[in-house]
Amino acid sequence: MENVIELETGIPALNLGLIRVENDTIYYRPVSAYTPQILVIALGLQILKEVFKCGYQVKLENYYLRDEINVRLEMIMNGLS
């Protein structure tokens, strides 16, 4: 997941501590509560692209639109499998 870049900073999300793995789920969070929605979704899609063949789920946490974005990510994951 070194290829997953946080778009506001241009720094790998792993280096920023924005990604954590727990069992079969990868959790990510935006760099700021004020990060634009499109950048939060783009980060989730980057992660999903990196891991979808491995069977991991990707979930957003600590963001005000967490539930709505997680529903969309789950729809995409289901469509890919």
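Overview of results
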read-out: Candidates Arg29, Arg66, Arg72, filtered to the one that is within 14 Å of Leu7 (Cα to Cα), basic (Lys, Arg) and either surrounded by 17 or more Cβ atoms within 10 Å (Cβ to Cβ) or over 10 Å from the mean Cα position of the chain (by Cα) (or both); value: Arg29
read-out: Which numbered condition Ser81 misses (of (1) hydroxyl-bearing (Ser, Thr, Tyr); (2) touching a helix residue (DSSP H, G or I) at 6+ places or on another chain (Cβ under 8 Å); (3) modelled with pLDDT under 95; (4) surrounded by 15 or more Cβ atoms within 10 Å (Cβ to Cβ)); value: (4)
read-out: Residue that is nearest to Leu14 (Cα to Cα), among those in region 32-60 that are surrounded by 12 or more Cβ atoms within 10 Å (Cβ to Cβ) and among the charged types (D, E, K, R); value: Glu50
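Conditions tested, residue by residue: (1) in contact with a strand residue (DSSP E or B) (Cβ under 7 Å, 6 or more places away or on another chain); (2) modelled with pLDDT under 95.
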position	(1), (2)
Glu8	no, yes
Pro30	no, no
Tyr34	no, yes
Cys54	no, yes
Glu61	yes, no
Val71	no, no
Met77	yes, yes
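The values are calculated or read from the model by the stated rules, or taken from the named source; none is laboratory data. The model shown is predicted, which means the values in this text are computed figures rather than measured ones. In this analysis, Cβ positions are derived from the backbone assuming ideal geometry, glycine residues included, and neighbour counts consider all displayed protein chains.
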